[in-house]
1. Between the stretch 289-324 and the stretch 238-270, how many Å separate their Cα centres?
2. Label-point separation (nm) for SER302 and LYS326, each offset 7 Å from Cα along Cα-to-Cβ?
3. For the stretch 91-159, max minus min Cα coordinate along each principal axis, in Å, sorted largest first?
4. Could you calculate the contour length gain from GLN138 to TRP90, that is, 0.36 nm times the residue separation minus the distance between their Cα atoms, to one decimal place in nm?
5. Could you calculate the contour length gain from GLU210 to LYS359, that is, 0.36 nm times the residue separation minus the distance between their Cα atoms, to one decimal place in nm?
6. Helix-only estimate, please: 222 nm mean residue ellipticity of the chain, summing -39500 (n - 2.57) across DSSP H runs of length 4 or more and dividing by its residues, to the nearest 500.
7. How big is the stretch 133-241 on each of its three principal axes, counting only the C-alpha atoms and giving the largest first in Å?
8. Give me a comma-separated list of calculated 3J(HN,Hα) values for the stretch 262-277, in order, Karplus coefficients 6.51, -1.76, 1.60 applied at θ = phi - 60°, integers in Hz, x for any Gly or Pro.
Amino acid sequence: MKAILALENGAVFKGESFGACGERFGEVVFNTSMAGYQEILTDPSYKGQIVAMTYPLIGNYGVNKEDVQSRRPFLEGFVVKEYCKLASNWRSEKSLSDYLKENGIMGIEGIDTRALTLNIRLAGALKAVLSTEDADEQSLVQKARNSPGLPGIDLVKDVTIAKKYAWSKAPARKYKVAVLDCGCKYNILQELIARECEVVVLPAQASAQEILKIKPDGLLLSNGPGDPAAVTYVVDTVRKLIGKLPIFGICLGHQMLGLALGGRTYKLKFGHHGANHPVKDLKTGRVLITAQNHGFCVDIDSLKDKNIEITHINLNDKTMEGMRHKKLPVFSVQFHPEASPGPHDAQYLFGEFIKLMKKNA
């Protein structure tokens with residue numbers, strides 16, 4: 001079946017459909033990872049977005065139950081140059097197309113993903129529509145222009161859990177960590193379990209009182225989708241908890257913390273999406289190759305408190321990638337130390353969180 005991807009700037013890409021059929025709207029972004037498409041598909045941070053892979057061949061190792069990062073895919077659509085119909089891997093349980101179809105996710109193949117990526121690089125992230133139902137290009141472009149986009153919209157409510165739960169038990173429990181689920185990836189929870197933490201996951205709407213009631217040794221603010229400034233209830237909760245227990249923020253959690261500390265966030269031109277982003281640790285001088293997935297950023301100049309220290313900088317565009325409070329047990333990073341997919345350079349940050357809880361026990 002034919003499929004069309006139309007962008008708000010008038011660009012139109014025609015290809016073949018795989019996965020589900022229908023019509024979906026979202027902000028189109030590109031991801032530079034060469035592998036790990038299943039982890040990308042199941043990252044809740046992609047809610048509201050159509051993801052285009054820059055690597056040309058996708059689907060060659062199929063899909064399995066072990067590599068998922070959430071209960072289901074949340075992205076709006078998936079764009080590839082070539083979909084590999086024959087999956088060949090000993091861990092494969094089904095094809096990528098079957099997996100997308102089961103979860104109602106549309107895919108399109110056979111388009112020039114290099115031209116699409118260049119389009120996004122020049123114009124910035126664009127509103128788009130992916131359709132197998134409407135063949136009228138002008139109609140689709142207008143639909144893309146009329147779609148809501150991401151700024152000002154709370155997408156966390158669409159991906160968070162309904163009620164709290166305990167993640168699988170650690171072999172020996174040393175610390176109890178509350179995870180505020182704004183779209184949390186499973187490997188964040190696994191990294192905590194591997195460090196002998198008991199993990200309790202709470203909905204994004206959980207109040208400061210509900211979090212403190214379970215008596216955690218620390219709080220982890222998870223990744224998640226969309227505009228952090230639209231999720232005011234989480235920012236208010238975080239503000240009430242600063243100074244009461246150790247806090248570690250990841251991705252959207254970092255942005256929430258920045259807002260709670262009095263800063264501002266802004267939208268990046270085309271975001272950071274991939275597994276090869278260089279970040280400098282300003283304390284050690286070490287350069288980390290990191291996994292990233294975000295379209296918003298904390299404004300460095302908006303953080304006026306002299307006790308807030310910038311810890312990491314993106315070497316591509318000099319945006320802030322990490323911060324800590326000099327007096328309070330609070331720190332955060334914009335990138336993903338749990339990877340999935342991506343390099344493991346930043347896994348040490350989970351150890352830093354353990355040290356912070358130990359110091360404040």
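1. 11
2. With each label point 7 Å from Cα toward Cβ, the separation is 2.3 nm.
3. Principal axes ranked by extent give 39, 34, 26 Å for the Cα atoms.
4. 12.8 nm
5. 51.3 nm
6. Numbers: 10 runs with 83 residues, N = 361.
When only DSSP H runs of four or more count, the value is -6500 deg cm²/dmol.
7. Principal-axis extents of the stretch 133-241 (Cα, largest first): 60, 29, 19 Å.
8. x, x, 10, 10, 9, 8, 6, 4, 9, x, 10, 9, x, 10, 9, 8
The values are calculated or read from the model by the stated rules, or taken from the named source; none is laboratory data. Fair warning: this is a prediction, and the values are worked out from it, not measured in the lab. Cβ atoms come from the backbone with ideal geometry, glycine included; neighbour counts cover every protein chain shown. The area values use the complete protein model at the heavy-atom level, side chains included, leaving out ligands, DNA and RNA. Shrake-Rupley method; radii C 1.70, N 1.55, O 1.52, S 1.80 Å.
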